[in-house]
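**Q** Take this structure first; my questions come after.
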Amino acid sequence: MDKNQYGIGHWFYPLFLNTPLLKLSAEIATALYILTTSLGYIALMVAGVWISRLLRNNLMDDVFNNENESFQQEIQLMQNEYSVNLPTKFYYKGKWNNGWINVVNPFRASIVLGTPGSGKSYAIVNNYIKQHIEKGFSMYIYDFKFDDLSTIAYNHLLKHANKYKVKPRFYVINFDDPRRSHRCNPLNPDFMTDISDAYEAAYTIMLNLNRSWIQKQGDFFVESPIILLAAIIWFLKIYDNGRYCTFPHAIELLNKKYADVFTILTSYPELENYLSPFMDAWQGGAQDQLQGQIASAKIPLSRMISPQLYWVMTGDDFSLDINNPKEPKILCVGNNPDRQNIYSAALGLYNSRIVKLINKKRAIKEFCYYR
C-alpha cells in the first residue's frame, strides 16, 4: 500500500496499517456496520421521545415535577353498613379533584401511622368515631389524651342516638379525676368461669408492669409471681360469692404476711396443688427463694396502690360486655401520658377483658380504638 495514495501522513501510517477492522472479511464488516447503525438509530429515537416529553411538560412551569408524579385516584363513593369513607383531594391533569378513601371492611383492622401532631386523630380517627356512631356501633375508645376523643364521641352520640335500636349508655373510666369517671370492676366474678381466667388476668397485669418479662416467659421468677397473683384472684372469686373479687383487693391481700396468705389459700383444695412450688419452698426452709418469689409480685404491684385507682376499679356501675344487644355501651377509657407506666397494667386488664367479652355471637357491631 502506498501511503501517499491515501494522503496519510508518515507518522499515522503504521497505526492505519495495523487497524483490526481492515483485516475483517466483507461479510463481517457489513454485519457490524448494520448493527452499530441500528443501535445508533434506536438510541436516537429514544432520546427524541424523552426530549419530546420534556418539551411537552414545560419544566419551567412544573419545576418540582408534580405533573408527572400525579395519578388518578378513587373518586367513587362506596358505602355499606360497616364502611368508613374519608373524603380526599388530589391533583391530577392540572386541576384539583375530589376523591374518597373507602374502608369497606373495617373489621380487618386499620392502622394509622404518623408522628405526634401529624393529624392522625383529626383526619382519620375522628371520622371513624363519628361514622360508626351514625351506623349504630357500640364502641370502646382508648383516649390517650383524655378527653379529646371522649368529647367528640359524647357530642356525636347526642345527635345520632336515634340510629340505635336500643339507645346506648355512655361511660368513662378516668383514674386522674374520679369525679368524671364511672366505676367498673374488670375482675367481675360473673365473667370468670375457670382458674385459667384468673391466670390470664394475672398474666396481663404482671407483663404490663414488667415489659422486660415478655422476653423471659417461662422463667422461674417470671411465672412464680403470675401464679401467685392468679391464685389470689381465684380465691377472691370463690370466697363469699366473689364479693371481694377486685384488683385492689388482690393487691392488698398479696401484701399481707405470706404465712397468713398461704395458710388461707391452701385451705382450698383447688388451690393447694396450684401453690405447691411456694409451699415446698416454705416447708423446705428455702426462705430466700420464697422471699424472692413473693417480692417479684409485690414490688411491681405496689406501684398500683392509689386511692383513685382503687375507687374506680372496685365499683360495678356497668359491665364490660359493651356490644351486648340489650345494653349497648360506648366506653371511653382515659389515660395520662405522664402516668402511663402506672396505669398501663390497669388499662391492659380492661383491654384484655373487653376483647374477650365482645368476641361472641349475636352481638351488635362494635368498634375499638386504642394505641
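The values are calculated or read from the model by the stated rules, or taken from the named source; none is laboratory data. Predicted model only: the values in this text are computed from it and were never measured. All Cβ positions, even for glycine, are placed from backbone atoms using ideal geometry, and neighbour counts span all protein chains on display.
**Q** Sort out for me the strands (runs of 3 or more DSSP E) sitting completely within the stretch 71-176 that have 1 or more residues that are under 30 Å from TYR343 (Cα atoms).
**A** Fully inside the stretch 71-176 and qualifying: 138-143, 169-173.
Listed here are the residues, each with its yes/no results for (1) of a type in the set (A, V, I, L, M); (2) farther than 25 Å from PRO189 by Cβ; (3) surrounded by fewer than 14 Cβ atoms within 10 Å (Cβ to Cβ).
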{"position": "PHE278", "(1), (2), (3)": "no, no, no"}
{"position": "GLY285", "(1), (2), (3)": "no, yes, yes"}
{"position": "ALA297", "(1), (2), (3)": "yes, no, no"}
{"position": "MET304", "(1), (2), (3)": "yes, no, no"}
{"position": "VAL312", "(1), (2), (3)": "yes, no, no"}
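**Q** Hey, among the residues in the stretch 91-105 that are under 28 Å from ILE133 (Cα atoms) and in contact with a Ser or Thr (Cβ under 7 Å, 6 or more places away or on another chain), which one's surrounded by the fewest Cβ atoms within 10 Å (Cβ to Cβ)? Walk me through it before giving the result.
**A** Let us first name the residues in the stretch 91-105 that are under 28 Å from ILE133 (Cα atoms), namely 98-105.
From what's left, in contact with a Ser or Thr (Cβ under 7 Å, 6 or more places away or on another chain): 99-104.
Details: GLY99: 18, TRP100: 16, ILE101: 14, ASN102: 16, VAL103: 19, VAL104: 12.
The selected residue is VAL104.
**Q** Quick check on ASN85: is it surrounded by 11 or more Cβ atoms within 10 Å (Cβ to Cβ) and either at pLDDT 85 or above or on the phi > 0 side of the Ramachandran plot (or both)?
**A** yes
**Q** Within the stretch 127-136, is there a residue that is in contact with a helix residue (DSSP H, G or I) (Cβ under 6 Å, 6 or more places away or on another chain), crowded, with 16+ Cβ neighbours inside 10 Å and not aliphatic (A, V, I, L, M)? Walk me through how you get there before you give the answer.
**A** Our first condition is that a residue be in contact with a helix residue (DSSP H, G or I) (Cβ under 6 Å, 6 or more places away or on another chain); within the stretch 127-136, this holds for 129-130, 133-134, 136.
Checking the rest, the ones that are also crowded, with 16+ Cβ neighbours inside 10 Å come to 129-130, 133, 136.
So of that shortlist, the ones also not aliphatic (A, V, I, L, M) come out as 130, 136.
Yes, the stretch 127-136 has at least one match.
**Q** When the residues of the stretch 68-78 are narrowed to those that are in contact with a Gly (Cβ under 7 Å, 6 or more places away or on another chain) and under 11 Å from TYR92 (Cβ atoms), which ends up surrounded by the fewest Cβ atoms within 10 Å (Cβ to Cβ)? Quick ask: steps written out before the conclusion?
**A** First, pick out the residues of the stretch 68-78 that are in contact with a Gly (Cβ under 7 Å, 6 or more places away or on another chain): 73-75.
Now restrict to residues that are under 11 Å from TYR92 (Cβ atoms): 73, 75.
On the way: GLN73: 15, ILE75: 12.
Among those residues, the one meeting the criterion is ILE75.
**Q** Let me confirm something: among LEU271, LEU228, which residue is in contact (Cβ under 8 Å) with a residue 24 or more places away in the chain, over 24 Å from ILE305 (Cβ atoms) and buried (at least 16 other Cβ atoms within 10 Å of the Cβ)? Steps first, please.
**A** Numbers: LEU228 fails: over 24 Å from ILE305 (Cβ atoms).
Unique residue meeting the criteria: LEU271.
**Q** Next up: Based on what the data block shows, is ALA250 among the small types (Gly, Ala, Ser) and either at pLDDT below 90 or over 18 Å from LEU320 (Cβ atoms) (or both)? Even if it seems obvious, please write down each step before you answer.
**A** On the way: among the small types (Gly, Ala, Ser): yes; either at pLDDT below 90 or over 18 Å from LEU320 (Cβ atoms) (or both): no.
Here the answer is no, as ALA250 does not meet what is asked.
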